[in-house]
Structure formats: C-alpha cells, structure tokens
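Engineer: Dropping a structure here in structure tokens format, bear with me for questions.
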Amino acid sequence: MPDPFRPSRRRFLALTTGFAGLAGCGSIDGLDEIGGTTEGPGKAAILLPLTGEQAQLGKRLEAAVRLGGGPGIGIEIRDSGSSPDTAVIAAKAAEAAGANILIGPVFSAQTKTVAAAVNIPIVTLSNDTTLADRDTFVFGVTPAQSARAVFALAAQRNIREIALVAPPGPLGARSAAEAVPIAQALGITLRPPVITDTPGTVLAELQAGGGLPDGVYLPSAGASLIPFAEALAGQDTRILGSTQWAARDLEAVRALRGAWFAAPDPLRFAAFTRAYEEQTGEPAGIISGLAYDGAELMRILGQTGKQTRRGLTRKESFTGVLGPYRFLSSGLVERGLAVLEVGAGDINLIGSTSI
C-alpha cells in the first residue's frame, strides 16, 4: 500500500501557525494531548512488514507506533513480513498468544489471507474497501472518504455538477466508483468519468460532455495532477482533490490556486508529524498516522477491557491524529476529514466533515 501523505515539515508547521486561533480547535503542543501515554490491560498485536521487500515501510510504521511511550502494556508488534504467507504465520502466532484484535496487516493480499486464517477481529491498514467484512475493518483512508469531505463542501457552496478526471489505473477507477453514491446522496450530478493520460484533451472532452461542470475532481496526485490543472487554468470551474494531494507541495502551483482538497485534521496531524520528524528525521505520512492511531485504539479498548468487535463498533466515535473516526458493523469506517484550499504560497482550512 503506497503512502499517499508525506507532507513537508514546512507545510505542517505553517498550518499549525495559521490555525492556532481557530475557535474550538485549541492548541496541540505534543502527543500527550492526543492520548499518547494511556496504558491498560488487554492483549492485541500490531502486524507490520519489518522484513522482506517492504521492510523500510515497516520500520517507518514501527517508529510511529513507538511514539508517546511505546505500544503499551499487552500490545505487541509482530513482523508480518511482506507476503501473505508470512502475515498468516504472524497472525496465527499472535492469536495463539492471546491477542484479542489485530491491527494490520498493511497490504490487501495479506489481509485476505489473514482474515481466512484467524478468528479475531482485524483492523487492516489497507484502504481496500472490498476487504470489509463482519470481522475485517478497513482503517485506511479511502477514496470514498476523500470524496465525501470535498463533495460535501462543494454541495454547501452550490457546486452541483462535478466531473471526475483521472489517468488510467486502479485509483481512478476506484475513486470514480466510490464517488457515485456520495454524489447522489448530496444531490450532486456526477458525470461519467474522464479517464485519460493526455492532459491536452481534458478541456475538449469536458466541453463535449455538455460544457464545463461546476467542479472537476482530480483524485490522483501523480504526474498528471499539475498538467490536468494547467489544462483547466483560467476556466470557470472549481478544481477539487483528494487526500492524495497532501503529499505534494502545491502552494507555488499557480494553476491550483483556489483548488480545494481533502486532508487529515491539520492541527492534530501537525503535532504528530512534528513529533515523528523529531524522533526519526523523516516526514510522517497518512499510513504512519494510521499505525499510531491503531496502537492508541488498542490502548483505549484494552484499558476498558473491550478489545472486541463490540468495542470497535461502539456508538461513540474515536479521535486520532488524522481526525475523528467510527467503525461500522459492515467493516467500513466513517472518517471526518478537513478540506483545505490552495492559496498563493499557503494552504488554508475552509471546512471539515463530522461523523
């Protein structure tokens, strides 16, 4: 699973400064204020790829889990390796040792095999919503969560017709499919997606579909993002984006000025990324935040003796460094995200979704 959110230290320090005076947000100076030291009884295991092809990612996630006093009493880190078979070995060993819940694995293929091999709930760090099941909860930030955040703000501001433009590939296909029910629920007309790797044809294809829509959603933050935005520059349409955008430094991109995109809670994530960078010397990312939140989730549930499916799906939401979230009985997760606007040399908070 690639990490879509590796923001620069400069960006999040700037965000912290800019948002410090917002009513109701308060200030976050360190991990103590986001619950980094709570410990209690209970047993859980966190499965990370500490060996194999994805070992570098695993070490980054382990560093996140160890922030704020370590994973906690009764919470152990196990090496899931980088293959489905090694993940099953780690998961079975954790279950045999008394684990009540597994945080991880990271990858979709590993999660499928582990789900078939154990009889305890799994909170996978993958964002593959097809994995969701009664005892498999998808904790990764999904395309649907991004679309819900930015589309909700668009609907509030009278953007009623949106076209999705993406390069060929799984992200574009999943983003298009998951955006459909969200747009319908919000009363937004979502055009058939424009899937292309030729930015020069984007404007013509949109105009051929009935003229320019009120908004154009660009979920991918890959090499196509800036060329797509430049193709739309100067047109009377709002450019919208997903959490993928937060991996990019966009403040200097003139074609994206005024664009809106979904992102984690900037205040809470700023505290996390600052602490992570101070410990590791490297930028944090969404998946690192998920690993930290997973460990904290197990502390909370372990302290109350509720490391169970029922404990996960409680009515009350949880709050992590990425923002608020709630587990659904379907295995999906509701997640509140912020919406940020690209300015001329800065990024501004303009909205957020609740759960």
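Engineer: Restricting to region 161-187, what's the tally of residues that are over 20 Å from Ala233 (Cα atoms) and open to solvent by 10 Å² or more (accessible area, probe 1.4 Å)? Please lay out each step first, then the result.
Structural biologist: The first filter runs over region 161-187 and keeps only residues over 20 Å from Ala233 (Cα atoms), leaving 168-187.
Adding the requirement that they be open to solvent by 10 Å² or more (accessible area, probe 1.4 Å) leaves 168-171, 173-174, 176-178, 180-182, 184-187.
Adding up the residues that qualify gives 16.
Engineer: Within region 242-252, can you find the residues that are within 14 Å of the chain's Cα centre (by Cα) and over 16 Å from Tyr325 (Cβ atoms)? Give the derivation first.
Structural biologist: Just the residues of region 242-252 that are within 14 Å of the chain's Cα centre (by Cα), to begin with: 242-247.
Listed by number, the residues that qualify are Ser242, Gln244, Trp245, Ala246, Ala247.
Engineer: Something else now. Just the residues that are open to solvent by 20 Å² or more (accessible area, probe 1.4 Å), under 17 Å from the mean Cα position of the chain (by Cα) and not aliphatic (A, V, I, L, M), please, taken from region 323-350.
Structural biologist: Pro324, Arg326, Glu334
Engineer: Okay, moving on. So, of the residues in region 253-282 that are more than 21 Å from the chain's Cα centre (by Cα) and not in a helix (DSSP H, G or I), which turns out to be nearest to Ala338 (Cα to Cα)?
Structural biologist: Restricting to residues being more than 21 Å from the chain's Cα centre (by Cα) and not in a helix (DSSP H, G or I), the top hit is Gly258.
Engineer: Right, next: Out of Ile287, Ile300, which single residue is outside any strand (DSSP E or B), surrounded by 15 or more Cβ atoms within 10 Å (Cβ to Cβ), under 14 Å from the mean Cα position of the chain (by Cα) and at pLDDT below 95? Show your work before the answer.
Structural biologist: Working: Ile300 fails: under 14 Å from the mean Cα position of the chain (by Cα).
Just one listed residue meets the conditions, Ile287.
Engineer: Do you know which residues across region 207-220 are open to solvent by 10 Å² or more (accessible area, probe 1.4 Å) and under 23 Å from the mean Cα position of the chain (by Cα)? If you could, list the steps in order and put the result at the bottom.
Structural biologist: If we filter region 207-220 for residues that are open to solvent by 10 Å² or more (accessible area, probe 1.4 Å), which is where we start, we get 207-212, 214, 220.
Matches in region 207-220: Ser220 only.
Engineer: Same structure, new question: I'd like the full set of residues that are open to solvent by 40 Å² or more (accessible area, probe 1.4 Å) and at pLDDT 90 or above, limited to region 253-267.
Structural biologist: Pass one, region 253-267, residues open to solvent by 40 Å² or more (accessible area, probe 1.4 Å): 254, 257, 265.
Correct list: Arg254, Arg257.
Engineer: So which of Ala87, Ala99 ends up being more than 19 Å from Leu290 (Cα to Cα), in contact with a helix residue (DSSP H, G or I) (Cβ under 9 Å, 6 or more places away or on another chain) and buried (at least 22 other Cβ atoms within 10 Å of the Cβ)? I'd like the intermediate steps shown before the answer.
Structural biologist: Working: Ala87 fails: more than 19 Å from Leu290 (Cα to Cα).
Unique residue meeting the criteria: Ala99.
Engineer: If you don't mind, another one. Looking at the structure I just gave you, is Pro121 crowded, with 19+ Cβ neighbours inside 10 Å and on the phi < 0 side of the Ramachandran plot?
Structural biologist: On the way: crowded, with 19+ Cβ neighbours inside 10 Å: yes; on the phi < 0 side of the Ramachandran plot: yes.
So Pro121 passes the test.
Engineer: Restricting the search to region 80-104, which residues are out of contact with any Leu (no Cβ under 9 Å at 6 or more places or on another chain), over 19 Å from Ala55 (Cα atoms) and either modelled with pLDDT under 95 or assigned to a loop (DSSP other than H, G, I, E, B) (or both)?
Structural biologist: Ala97, Gly98, Ala99
Engineer: Within region 128-151, how many residues are open to solvent by less than 20 Å² (accessible area, probe 1.4 Å), of a type in the set (A, V, I, L, M) and in a helix (DSSP H, G or I)?
Structural biologist: The initial filter retains those residues of region 128-151 that are open to solvent by less than 20 Å² (accessible area, probe 1.4 Å), namely 131, 136-143, 145-147, 149-151.
Among the residues that remain, those that are also of a type in the set (A, V, I, L, M) are: 131, 138, 141, 147, 149-150.
From the residues that got through so far, the ones that are in a helix (DSSP H, G or I) too are 131, 147, 149-150.
Here the count works out to 4.
Engineer: Does at least one position in region 105-112 carry a residue that is surrounded by fewer than 21 Cβ atoms within 10 Å (Cβ to Cβ), charged (D, E, K, R) and modelled with pLDDT of 95 or more?
Structural biologist: Step one: list which residues in region 105-112 are surrounded by fewer than 21 Cβ atoms within 10 Å (Cβ to Cβ), which gives 108-109, 112.
Add one more test, that the residue is charged (D, E, K, R), and what stays is 112.
If we keep only those that are modelled with pLDDT of 95 or more as well, we get 112.
Yes, region 105-112 contains a residue that is surrounded by fewer than 21 Cβ atoms within 10 Å (Cβ to Cβ), charged (D, E, K, R) and modelled with pLDDT of 95 or more.
Engineer: Also, quick follow-up: Going through region 158-197 one residue at a time, which ones are over 16 Å from Ser146 (Cα atoms) and of a type in the set (A, V, I, L, M, F, W, C)?
Structural biologist: Ile159, Val194, Ile195
Engineer: Quick one: is Ala204 surrounded by fewer than 21 Cβ atoms within 10 Å (Cβ to Cβ), at negative phi and assigned to a helix (DSSP H, G or I)? Before you say what the answer is, go through the steps one by one.
Structural biologist: Numbers: surrounded by fewer than 21 Cβ atoms within 10 Å (Cβ to Cβ): yes; at negative phi: yes; assigned to a helix (DSSP H, G or I): yes.
Yes, satisfied.
Engineer: Tell me the residue from Ile162, Ile182 that is among the hydrophobic types (A, V, I, L, M, F, W, C), in a helix (DSSP H, G or I) and in contact with a Phe, Trp or Tyr (Cβ under 6 Å, 6 or more places away or on another chain), please.
Structural biologist: Numbers: Ile162 fails: in a helix (DSSP H, G or I).
Being among the hydrophobic types (A, V, I, L, M, F, W, C), in a helix (DSSP H, G or I) and in contact with a Phe, Trp or Tyr (Cβ under 6 Å, 6 or more places away or on another chain) holds for just one of Ile162, Ile182, which is Ile182.
Engineer: Something else now. Just to verify a result, which residue in region 221-239, among those that are under 21 Å from the mean Cα position of the chain (by Cα) and outside any helix (DSSP H, G or I), is nearest to Asp197 (Cα to Cα)?
Structural biologist: Step one: filter region 221-239 for residues under 21 Å from the mean Cα position of the chain (by Cα), giving 221-225, 239.
In the following step, the residues that additionally are outside any helix (DSSP H, G or I) were identified as 221-224, 239.
Working: Ala221: 13, Gly222: 11, Ala223: 10, Ser224: 7, Ile239: 18 Å.
Checking each candidate, the answer is Ser224.
The values are calculated or read from the model by the stated rules, or taken from the named source; none is laboratory data. This is a predicted model, so every value here is computed, not measured. Here Cβ is always computed from backbone atoms with ideal geometry, including for glycine, and neighbour counts include all displayed protein chains. Ligands, DNA and RNA are excluded from the accessible area calculation, which covers all protein heavy atoms including side chains. Shrake-Rupley method; radii C 1.70, N 1.55, O 1.52, S 1.80 Å.
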